[in-house]
Amino acid sequence: MLILNKTAGVFFKPSKRKVYEFLRSFNFHPGTLFLHKIVLGIETSCDDTAAAVVDETGNVLGEAIHSQTEVHLKTGGIVPAVAQQLHRDNIQRIVQEALSASRISPSDLSAIATTIKPGLALSLGVGLSFSLQLVGQLKKPFIPIHHMEAHALTIRLTNKVEFPFLVLLISGGHCLLALVQGVSDFLLLGKSLDIAPGDMLDKVARRLSLIKHPECSTMSGGKAIEHLAKQGNRFHFDIKPPLHRAKNCDFSFTGLQQVTNKRIMKKEKEEGIEEGQVLSSAADIAATVQHTMACHIVKRTHRAILFCKQRDLLPQNNAVLVASGGVASNFYVRRALEILTNATQCTLLCPPPRLCTDNGIMIAWNGIERLRAGLGILHDIEGIRYEPKCPLGVDISKEVGEAAIKVPQLKMEI
Ligand code: KG4
Ligand code: ZN
């Protein structure tokens with residue numbers, strides 16, 4: 001764990017005058033009376049600088065986001081110091097844009113909610129440092145947010161979903177299955193033993209040099225794979241899904257990435273091209289890797305559903321499965337999950353794609369959830385630190401593995 005003062009505080013400390021100027025730049029509406037709670041959410045845990053203002057009823061009053069995807073695509077991955085600098089360059093503008101769009105005065109905010117865990121240390125530090133300055137100036141309560149909890153609860157902003165429900169969070173940095181029993185009550189059923197699926201897709205996309213593909217040059221790796229896969233044949237190769245024998249809900253994606261790399265090298269030889277050029281069979285490779293990933297995700301989620309039903313942790317009928325995170329914006333993965341939920345009498349709910357990837361709305365909404373539940377609202381910000389690593393909820397994945405539930409085969413005709 002890194003301490004804020006030792007890192008971000010040294011590099012990023014907006015002066016008091018700057019904060020006052022920032023606050024003065026808003027049009028104050030002294031006569032306006034807001035009956036609802038309103039939260040400003042700030043997100044900088046990875047490579048998006050995002051902010052949003054959301055009210056108690058789930059209305060998004062204002063939103064702004066600066067994505068670093070294009071910059072990191074050029075460097076072939078996220079360089080933490082570059083991400084940190086970009087957050088510093090943009091955070092003030094982004095928060096200002098979200099607040100201006102909301103047309104509220106900062107004094108009307110009920111609280112400021114900010115992601116403080118888990119994530120890249122240098123990135124988290126910028127958001128936390130900025131937020132604490134603002135909290136101090138505005139004299140508002142501060143709500144520290146767990147990034148994965150925020151992803152998990154986003155669905156309650158868009159749909160009427162009661163606890164408990166199962167959540168599958170699949171993104172570039174995370175891969176986990178959890179039972180959500182309350183606003184801050186999570187049981188962790190399984191997680192990736194190595195890399196996350198989005199990271200795997202990003203690495204495959206880089207190895208395929210999809211940045212040079214005219215249709216994909218500005219897309220994230222995962223999006224590029226989804227786009228190309230539509231033109232490809234998934235039966236072109238046959239890759240075995242990972243962890244075939246392990247009867248738990250854990251995931252693994254490194255093996256899939258390595259097998260795919262070998263196929264790419266073989267194809268490069270066959271096509272007589274060098275690494276760095278786009279293969280003519282890139283679409284087939286994209287389709288195969290996407291399909292194998294989807295089948296693996298479905299199998300582990302299937303076991304989680306069966307485990308929760310066996311233990312009466314979820315209702316036997318109409319249990320809800322929520323899929324969120326960047327990879328859950330993939331429509332092939334969503335269709336695969338739909339096959340699963342139809343077969344298990346569950347309902348699949350996914351936030352719209354723009355709320356699946358990192359955004360400020362989910363952080364502000366988590367702030368609203370916490371305000372309503374009276375959980376984790378801080379009036380004293382002394383000693384607040386960010387936590388780059390932080391598990392989600394109570395880990396019962398060992399118990400899930402010990403149950404060794406056999407999962408029936410599903411026909412994956414997507
Ligand atoms: O949730 P997110 O914005 O950030 C975190 O990792 O927390 O997810 C980003 C990840 C990236 O790895 C990106 O390649 C992947 O989500 N992604 C996708 C799609 N769009 C973004 N993966 C598959 N299909 C997509 N359409
Ligand atoms: Zn995320």
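Listed here are the residues, each with its yes/no results for (1) touching a Ser or Thr at 6+ places or on another chain (Cβ under 7 Å); (2) among the hydroxyl-bearing types (Ser, Thr, Tyr); (3) over 30 Å from residue 369 (Cα atoms); (4) not assigned by the TED database to the domain that holds residue 70.
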{"residue": "135", "(1), (2), (3), (4)": "no, no, no, no"}
{"residue": "145", "(1), (2), (3), (4)": "yes, no, no, no"}
{"residue": "181", "(1), (2), (3), (4)": "no, no, no, yes"}
{"residue": "187", "(1), (2), (3), (4)": "no, no, no, yes"}
{"residue": "231", "(1), (2), (3), (4)": "no, no, yes, yes"}
{"residue": "238", "(1), (2), (3), (4)": "no, no, yes, yes"}
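How about the range 121-206: which helices (runs of 4 or more DSSP H) wholly inside it have at least 1 residues that are closer than 19 Å to residue 386 by Cα and of a type outside the set (A, V, I, L, M)?
Filter on the range 121-206 gives 121-138, 147-153.
Quick one: residue 341 ticks every box in (1) away from ligand 1 (no atom under 16 Å from the Cβ); (2) surrounded by fewer than 18 Cβ atoms within 10 Å (Cβ to Cβ) bar one, so which box is it?
Only one criterion in (1) away from ligand 1 (no atom under 16 Å from the Cβ); (2) surrounded by fewer than 18 Cβ atoms within 10 Å (Cβ to Cβ) is unmet by residue 341, namely (2).
The rows are residues; the columns are (1) part of a loop (DSSP other than H, G, I, E, B); (2) over 19 Å from the mean Cα position of the chain (by Cα).
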{"site": "335", "(1), (2)": "no, yes"}
{"site": "339", "(1), (2)": "no, yes"}
{"site": "358", "(1), (2)": "yes, no"}
{"site": "363", "(1), (2)": "no, no"}
{"site": "371", "(1), (2)": "no, yes"}
{"site": "385", "(1), (2)": "yes, yes"}
{"site": "388", "(1), (2)": "yes, no"}
{"site": "399", "(1), (2)": "no, yes"}
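Tell me, yes or no, whether the range 207-215 has at least one residue that is outside any strand (DSSP E or B), acidic (Asp, Glu) and surrounded by fewer than 18 Cβ atoms within 10 Å (Cβ to Cβ).
Just the residues of the range 207-215 that are outside any strand (DSSP E or B), to begin with: 207-215.
Those left that are additionally acidic (Asp, Glu): 215.
Narrowing the set further to residues that are surrounded by fewer than 18 Cβ atoms within 10 Å (Cβ to Cβ) leaves 215.
There is at least one residue in the range 207-215 that is outside any strand (DSSP E or B), acidic (Asp, Glu) and surrounded by fewer than 18 Cβ atoms within 10 Å (Cβ to Cβ).
Kindly indicate whether any position in the range 169-176 is in the same structural domain as residue 310 (by the TED database), within 19 Å of residue 331 (Cα to Cα), of a type outside the set (Phe, Trp, Tyr) and surrounded by fewer than 24 Cβ atoms within 10 Å (Cβ to Cβ).
Yes, some residue in the range 169-176 is in the same structural domain as residue 310 (by the TED database), within 19 Å of residue 331 (Cα to Cα), of a type outside the set (Phe, Trp, Tyr) and surrounded by fewer than 24 Cβ atoms within 10 Å (Cβ to Cβ).
Determine whether the range 108-122 contains at least one residue that is within 16 Å of ligand 2 (Cβ to nearest atom), of a type in the set (Lys, Arg), open to solvent by 40 Å² or more (accessible area, probe 1.4 Å) and touching an Asp or Glu at 6+ places or on another chain (Cβ under 8 Å).
yes
For the range 35-59, which positions are under 29 Å from residue 78 (Cα atoms) and open to solvent by 10 Å² or more (accessible area, probe 1.4 Å)?
Hits for the range 35-59 are 46, 47, 48.
For residue 149, are the conditions met, namely being under 18 Å from residue 39 (Cα atoms), among the acidic types (Asp, Glu) and modelled with pLDDT of 95 or more?
Yes: the conditions hold for residue 149.
For the range 265-312, how many residues are in contact (Cβ under 8 Å) with a residue 40 or more places away in the chain, of a type outside the set (S, T, N, Q) and closer than 14 Å to residue 344 by Cβ?
Result for the range 265-312: 10.
Within the range 123-146, count every residue that is within 16 Å of ligand 2 (Cβ to nearest atom) and either in contact with a Pro (Cβ under 9 Å, 6 or more places away or on another chain) or at pLDDT below 95 (or both).
Residues that pass the stated criteria total 3.
The values are calculated or read from the model by the stated rules, or taken from the named source; none is laboratory data. Predicted model, so just to flag it, every value in this text is computed and none were measured. Ideal geometry is used to build each Cβ from the backbone, glycine not excepted, and the neighbour counts take in all protein chains shown. Just so you know, the surface numbers come from the protein's heavy atoms only, side chains and all, with ligands and any DNA or RNA stripped out. Shrake-Rupley method; radii C 1.70, N 1.55, O 1.52, S 1.80 Å.
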